[in-house]
Every structure is written in C-alpha cells, then in structure tokens.
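Read through the structure below, which is laid out as structure tokens, and then see the notes.
We did not get these values from a lab; they are worked out from the coordinates using the rules stated. Small disclaimer: the values here were computed from a predicted structure and weren't measured. A quick note on method: Cβ atoms are made from the backbone with ideal geometry, for glycine too, and the neighbour counts reach across all protein chains shown.
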Amino acid sequence: MIAMPEILTIAVSKGRILKESLPLLARMDIVPLEDPETSRKLVLETNRPEIRLIVVRATDVPVYVEYGAADAGIAGKDVLLEYDGDGLYEPVDLGIACCRLMLAGARDRPDTTGRARVATKYVKTTRNYFAELGRQVEIIKLYGSMELAPILRLADLIVDLVDTGGTLKANGLVPLDKIADISSRLVVNKASMKMKQALLKPFVNNLARLVNP
C-alpha cells in the first residue's frame, strides 16, 4: 500500500486577518493557487503541495485546530481569550491585525448606581475583567453594533474591539479603559506538533523568525 503524503492544514479567519496573513505566508513561499478574495472555495491549495489553507469564521479557528481538522491556525487574541478549550499551543504572536479590547461608555453618561449593564460579545473576558476589579455587572451578549446599546439605554457600558476610535466618537462614546492589546496569533494542535513534527516544526520556527527577526 502506498502511504499518503502528509498534508499541513492551516486555518485562517476571514477578513482582515486573512488579508494581513497572506503577505507573511508569501514570504515563506506559501501562496494560494487561487485568490481567496474572489474564490468561493473554502479549502485553498497552495504552491506547496504539502500545505493547504482553509478559510473559516474567526471564532471557528481554535475549534478546527483543537479537534485536529486543522494542524495550525491564525486567529485574533480576542477570540482565543474567549475560547474554553485547552488542546492548543500558542507559540507565536504575529503582530498583525492589531487593535485594542476596550471598555467604553457614553460621553455624558450618568453615574451608575447599583449593578451596571455591559453589552459585549466578549462575555468571558468581560466577566473576568470586572471580577478582577471586584465589581458586579450584568452582561448582555450582543453580536454587533455595540455602540447602539448605550445610545438606546440597553446598557451603560460596552466592551468591544477598537482600532482608531472613530466609531466610538461618531456615536458619542469615549474609551474608559483598555482591557487587552489584541493581535493575531499562531495556534497549533498539540497532537499535530508531535505527529507532524517534520512539517509543522519548521513552519512554526520559520514564522517565528519572520516576525521576530
């Protein structure tokens, strides 16, 4: 029986992370055979027959990696902070898709008495943040348009990603505290690191040298 060649599968989240990951991969001579921006394919072969990319939702990257459907992945630290699994290594901060996870509120908000309501999709991170401060809050999970919550009195505060701060300002909100600096990280399946060491270890080491020369 002819042994099947090993394939290294790398999961990358859609959008900004994918766009900023491709130049890094290209510098390692890993280039998709089709343009991810125009192709409808979710599995992209590359110029390296032993390496393929899969394009998935940001929150799904650690899931694909932990369960072995992908050997490695590129995901934002915001996603990894929310993820509850433990089957991942996080060996390299890629320093791309950088932003901040911020606590923000209305510029003219009244002083909150009692338990504040906080709107966010980052429930775990927000809960941990306020627990460290010793404050009790009510967390309302939203999936988008966080800035609306204080405007419509759904919540007193929000926790969300902030890049330039322009969206906050345009909606009458101000940043109050930085919870975490966010960038994209390489994550690796623990079993793959052992079973596919000949492929995966050079990939990790080369990527680390590229971003930390």
For 129-140, 18-29, 176-187, ranked highest to lowest by mean beta-carbon neighbours within 10 Å, the order is 176-187, 18-29, 129-140
Each label sits 7 Å from Cα toward the beta-carbon; between Y67 and R153 the label points are separated, in nm, by 4.4
So the pair-distance distribution of segment 25-91, from every Cα-Cα distance in 5 Å bins, comes to percents of 3, 15, 25, 23, 18, 11, 4
For Kirkwood radius over Cα pairs in Å, with candidates (1) 17.7; (2) 20.4; (3) 18.8, the value calculated from the shown model is option (3)
The helix 197-211 Cα axis meets the longest alpha-carbon principal axis of the chain at an angle in degrees, between 0 and 90 and rounded to 10, of 50
Rounded to 0.05, the calculated FRET efficiency for the beta carbons of K124 and E90 at R₀ = 22 Å is 0.85
So N212 and D108, fully extended at 0.36 nm per residue minus their Cα-Cα distance, gain in nm 33.1 nm
Taking Cα atoms, the helix 123-133 axis meets the longest principal axis of the chain at an angle in degrees (rounded to 10) of 60
If unit charges are put on Cβ atoms (+1 for Lys and Arg, -1 for Asp and Glu) and the dipole of the chain is taken about its Cα centre, the option from L186, G95, L81 lying farthest towards the positive end turns out to be L81
Whole-percent tail of the Cα-Cα distance distribution for segment 99-180, cut at 22 Å, equals 14
Checking rank on 198-210, 51-63, with mean other Cβ inside 10 Å and highest first, the result is 51-63, 198-210
